Amino acid sequence: PHDGGYLLGELIYWIADEVKVRTSMSQNTFLDFINSAIQNPESPYAAIYQKKTISSLKEIIPIKSEEVFGQFEPSPNAKMSGRVFLSGGTTGKPKEVFFSTKDFDVTAELLAKNFHVQGVGPGTVCANLFVAGGMWSSFLAVDRALEKCGALQLPIGGQTEMSLILDYLDEFKPNVVFGLPSL
């Protein structure tokens, strides 16, 4: 986390079974997950690792290597459908990430499920105050997820003048506001 802590974890209560699962996870569990992912014949990594079993994370690090990711990174000449996003750069130079159209849709679906269990659905009025542009994903991801939830959206955007934001919030009275904590 860029701010030094997992804030969402502080907003929930852990019950006994979840605590047991959370504390029993080990590096082996993660390695098992990695091994099953790369051995999946439909995974792009299967061809690279050629059904190899990973016994140490050192075998797949550095993650961003030409051998592993070079063929999947978009280039200006690439004929692929998707989006390239940049991180905000709070830890140094902004990092690039490519989401295929399918990847972005799956991400939005998972985010929508998260919103849904928190009560967002048809009839919920949601203000999106994330900053659009800058090659950031937040505004678009929230927009797509709220669309999947069937919520009524107010795509205000965090770069809007504060007096207008306050006017919109007063006029449309959203039930939920998405945005940066600093805003």
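Every number in this text was worked out from the coordinates using simple rules, so none of it is lab data. As the structure is a computational prediction, the values presented were derived from the model and not from experiment. When we count neighbours, we look across all protein chains shown, and the Cβ atoms used for this are built from the backbone with ideal geometry, even at glycine.
Tabulated values for the structure
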quantity: Near-label residues of segment 107-136 by backbone N, under 20 Å of a point 7 Å along Cα→Cβ of residue 170; calculated: 126-129
quantity: Residue-by-residue Karplus 3J(HN,Hα) for segment 95-110, coefficients 6.51, -1.76, 1.60, Hz, glycine and proline x; calculated: 9, 8, 9, 9, 10, 5, 4, 5, 4, 5, 5, 5, 4, 5, 5, 5
quantity: Segment 97-173, relative contact order [Cα under 8 Å, separation at least 6], %; calculated: 34
quantity: Ranked packing of 129-135, 175-181, 141-147, most packed first, by mean Cβ within 10 Å; calculated: 141-147, 129-135, 175-181
